[in-house]
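So the structure is just underneath, and the comments pick up after that.
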Amino acid sequence: MKQIWAPWRIEYILKGKPEGCILCDAPRQNNDAVNYILYRGDKNFVIMNSYPYNPGHLMVAPYRHVANLEGLTDDELHEHFEIVGRSIKVLREVFNPGGFNIGINMGKAAGAGIDEHLHTHIVPRWHGDTNFMPVISDVRVVAEALAETYEKLKNKF
Ligand SMILES: [Zn+2]
């Protein structure tokens, strides 16, 4: 049986991560290519998921350390989904997927790996696609695939 909304599974992998908040730390480091940050808005940014379900698995997150959707200001919320829309446009242009899974796992009970910092997953889907990670489970190959995807997407935003 294939799981359809598998970003939940991806987040289980992330639970083993070190202390601190990766979604706070990554944008502060000003090393976007290394951290796979594709786009910076005023209040939100786009980062590639380092444990992608599929190529082009992105996350949109506010800079502010906010756990829940209702914790965002109207401005943050508006820009958040504007950037989700922008990301979808870019992914359509570059990868031409057949569809998308777009979603938020809010709270540990809902499967959130980074449960203290809200983020929206954007996962391009193709008919009959299978989980990308087991296919290229070698760490070096994954890193190369991520770098390649970053180059393809970066200047499209
Ligand atoms: Zn944070």
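The values are calculated or read from the model by the stated rules, or taken from the named source; none is laboratory data. Just so it is clear, the structure is predicted and the values come from calculations on it, not from any experiment. Backbone-built Cβ (ideal geometry, glycine too); neighbour counts: all protein chains shown. Side chains are part of the model used for accessible areas, which takes the heavy atoms of the whole protein and leaves out ligands, DNA and RNA. Shrake-Rupley method; radii C 1.70, N 1.55, O 1.52, S 1.80 Å.
See the values below:
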{"quantity": "Unique residue being hydrophobic (A, V, I, L, M, F, W, C) and touching a Gly at 6+ places or on another chain (Cβ under 8 Å) when the list is 91, 146, 72, 58", "calculated": "91"}
{"quantity": "All positions within the range 70-95 that are modelled with pLDDT of 95 or more and over 17 Å from residue 39 (Cα atoms)", "calculated": "70, 71, 72, 73, 74, 75"}
{"quantity": "Qualifying positions in the range 18-66 - more than 13 Å from the ligand (Cβ to nearest atom), among the polar types (S, T, N, Q) and open to solvent by less than 10 Å² (accessible area, probe 1.4 Å)", "calculated": "49, 54"}
{"quantity": "Evaluation of residue 10 against (1) surrounded by 12 or more Cβ atoms within 10 Å (Cβ to Cβ); (2) modelled with pLDDT under 95; (3) within 15 Å of the ligand (Cβ to nearest atom) (one fails), failing number", "calculated": "(3)"}
{"quantity": "The one condition in (1) at pLDDT 85 or above; (2) closer than 25 Å to residue 63 by Cβ; (3) among the small types (Gly, Ala, Ser) that residue 99 fails to fulfil", "calculated": "(2)"}
{"quantity": "Residue 80 being within 16 Å of the ligand (Cβ to nearest atom) and touching a Cys at 6+ places or on another chain (Cβ under 6 Å)", "calculated": "no"}
{"quantity": "Verdict on residue 104 being under 11 Å from the mean Cα position of the chain (by Cα) and more than 16 Å from the ligand (Cβ to nearest atom)", "calculated": "no"}
{"quantity": "For residue 118: the one exception among (1) modelled with pLDDT under 95; (2) under 17 Å from residue 23 (Cβ atoms)", "calculated": "(1)"}
{"quantity": "Matching residues in the range 121-155 - criterion: being of a type in the set (A, V, I, L, M, F, W, C) and modelled with pLDDT of 90 or more", "calculated": "122, 123, 153"}
{"quantity": "Members of the range 67-119 found to be loosely packed, with under 13 Cβ neighbours inside 10 Å and among the acidic types (Asp, Glu), listed by number", "calculated": "70, 74, 75, 93"}
{"quantity": "Sole exception among (1) in a helix (DSSP H, G or I); (2) surrounded by fewer than 13 Cβ atoms within 10 Å (Cβ to Cβ) for residue 127, by number", "calculated": "(1)"}
